[in-house]
Structures are given as structure tokens and as C-alpha cells.
Amino acid sequence: METTLVLLKPSCVQRQLIGEIVHRFERRGLRIAGMKMMQLDDAILREHYAHLVDRPFFPTLAASMQTSPVVALALSGVEAVGVVRAMTGFTNGRKADPGTIRGDYAMSNQQNIVHASDSVENAAIELNRFFRPEEIFDYKSGVFDFLYGVGEA
Ligand code: UDP
Ligand code: MG
């Protein structure tokens, strides 16, 4: 079982798509292990996007991420990191496959609705960045035995 970090970006919050996107993750069978709204400051964005701070688009990216609160989600499931990343789709919404979140809701390379951790290692780091340990809940899904076959989870 893995847990991954998703951020519903201001492009999601402002377009009033929070419920729709959360619904897609729930329908897939991911368990919501943590969920909260937060206003991101410069420090957390510089850390979260450390791989991009020197890119020319970083100032507009950081500004766009502060135009409203975001919703942070911790999602759990077997191979959840890869499953959620596949659901997210290619970074540029215009190039993302239909059926993915970005491919269904985004027309932008920047205002692309969601962030999703890209590896198990980064998921652990990012969950720790956005959640305190007591904000992530370990409970058994009521439909667990119908989400996975015997021995799968
Ligand atoms: N981004 C951008 N311009 C670019 C590439 C990325 O504004 O040319 C933004 C976009 O919002 C993206 C985020 O920076 O989601 C993080 O970029 P990354 O390459 O990590 O893409 P992701 O993992 O989100 O698909
Ligand atoms: Mg990334």
C-alpha cells in the first residue's frame, strides 16, 4: 500500500472543480487518508518546486499557486503513486490524453488543475511537507475486499 500527495491547485479551486476531482479519485478506489485547505507561502513553494526555481516561469508559477488556497490530499492504495500520476496526465493540459484529469479539465501548461507526486520517494517527502503525521489517517476502507483481490493488497 502506498500513499501519495495531490494538490488541487488554484485553477481547480477557482473553477469550482474540487468536488469533481475528488470524486474521480474516490471512484477509482483510492482512499482519502488526509485532506485540508491551505494557503501556500513563498517558502513552501520554493521547496516544493525546488527543481524549477531557476526556470523563467517560476515567478508566474509561484504567483499562480498563491491566488487562492489549495486543497492537499493524501491518497492511499496499492501502487497509488503511479495510479494517481497516470490519472493526472501530461503536464501540459493541451497535450494530455483525454480521460486524464488534465486532459479533461485543462488547456494550460501551468494552470493544470492538480499536482501529483512523481515517485514513491518524493511522495514521502511531499506528504511530510504538507501534512503533520496526525493529519494522515490509517483506516480500513469499508469496500476494501471489493477493491482488491485476495493477496493483491
Ligand atoms: N510548469 C509551468 N511551465 C512549464 C512547466 C511546468 O508553469 O513549462 C508548472 C506546471 O504548473 C507544472 C509545475 O510547473 O505542473 C511543475 O512542473 P513539473 O515539470 O514538475 O510537472 P508535473 O509534475 O506537475 O507534471
Ligand atoms: Mg512534478
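The values are calculated or read from the model by the stated rules, or taken from the named source; none is laboratory data. Keep in mind that what you see is a predicted model, and the values were worked out from it rather than measured. Glycine gets a Cβ as well: all are built from the backbone with ideal geometry, and neighbour counts include every protein chain shown. These area figures cover heavy atoms from the full protein model, side chains too; ligands, DNA and RNA do not enter into them. Shrake-Rupley method; radii C 1.70, N 1.55, O 1.52, S 1.80 Å.
Answer rounded, prolate or oblate for the stretch 38-153, using the Cα gyration tensor with square roots of eigenvalues a ≥ b ≥ c: rounded when a/c is under 1.5, else prolate when a/b is larger than b/c, else oblate.
Working: a/c = 2.26, a/b = 1.44, b/c = 1.57.
Because a/c hits 1.5 or more and a/b fails to exceed b/c, the stretch 38-153 counts as oblate.
Identify all lysines with a Cα-Cα distance to LYS36 below 22 Å; exclude those on the same chain that are fewer than 8 residues away in sequence.
Candidates past the 8-residue exclusion: LYS9, LYS140.
When all protein chains stay in place, what accessible area (Å², nearest 10, 1.4 Å probe) is found for TYR139?
Taking all protein chains as shown, TYR139 has close to 110 Å².
If each DSSP helix of 4+ residues adds -39,500 (n - 2.57) and the sum is divided by the residues in the chain, what number results at 222 nm, nearest 500 deg cm²/dmol?
-10000 deg cm²/dmol
Let me know the shape class of the stretch 1-106, please: from the alpha-carbon gyration tensor, a ≥ b ≥ c as square roots of the eigenvalues, rounded when a/c is under 1.5, otherwise prolate if a/b is greater than b/c, or oblate.
On the way: a/c = 1.56, a/b = 1.39, b/c = 1.12.
Since a/c reaches 1.5 and a/b is larger than b/c, the shape of the stretch 1-106 is classed as prolate.
Rolling a 1.4 Å sphere over the protein heavy atoms, what is the accessible area per residue of the stretch 32-153, to the nearest Å²?
So the stretch 32-153 comes to 57 Å² accessible per residue, rounded to a whole number.
Output wanted: per-residue J couplings in Hz (rounded whole) for the stretch 131-139, from phi through Karplus 6.51 cos²θ - 1.76 cosθ + 1.60, θ = phi - 60°, x for Gly and Pro.
Along the stretch 131-139, the couplings run 10, 7, x, 6, 8, 10, 10, 9, 9 Hz.
Using square roots of five times the C-alpha gyration tensor eigenvalues, list the equivalent-ellipsoid semi-axes of the stretch 66-107 in whole Å, biggest first.
Here the semi-axes work out to 19, 17, 7 Å.
Considering only protein heavy atoms and a 1.4 Å probe, what is the carbon-and-sulfur percentage of the accessible area of the chain?
Values: 4430 of 8430 Å².
On the chain, the fraction of accessible area on carbon and sulfur atoms equals 53 percent.
Hey, got the dipole for the chain? About the Cα centre, +1 on K and R Cβ, -1 on D and E Cβ, debye to the nearest 20? Kindly include the intermediate steps, with their values, before the conclusion.
Working: 16 positive and 18 negative charges, 104 e Å.
Charge dipole of the chain: 500 debye, to the nearest 20.
Quick one: compute the contact order of the chain, relative version, from alpha carbon pairs under 8 angstrom and 6+ residues apart, as a percent. Mind dumping the intermediate values first?
Details: 240 pairs, mean separation 52.7, N = 153.
So the answer I get is 34 percent.
For the stretch 97-153 and the stretch 19-48, what is the centre-to-centre distance using only Cα atoms, to the nearest Å?
With the stretch 97-153 and the stretch 19-48 each reduced to a Cα centre, they are spaced 8 Å.
Within the stretch 47-149, report the GluC sites (Glu not before Pro) that DSSP leaves as loop and that have at most 16 other Cβ atoms within 10 Å.
Filter output for the stretch 47-149: GLU79.
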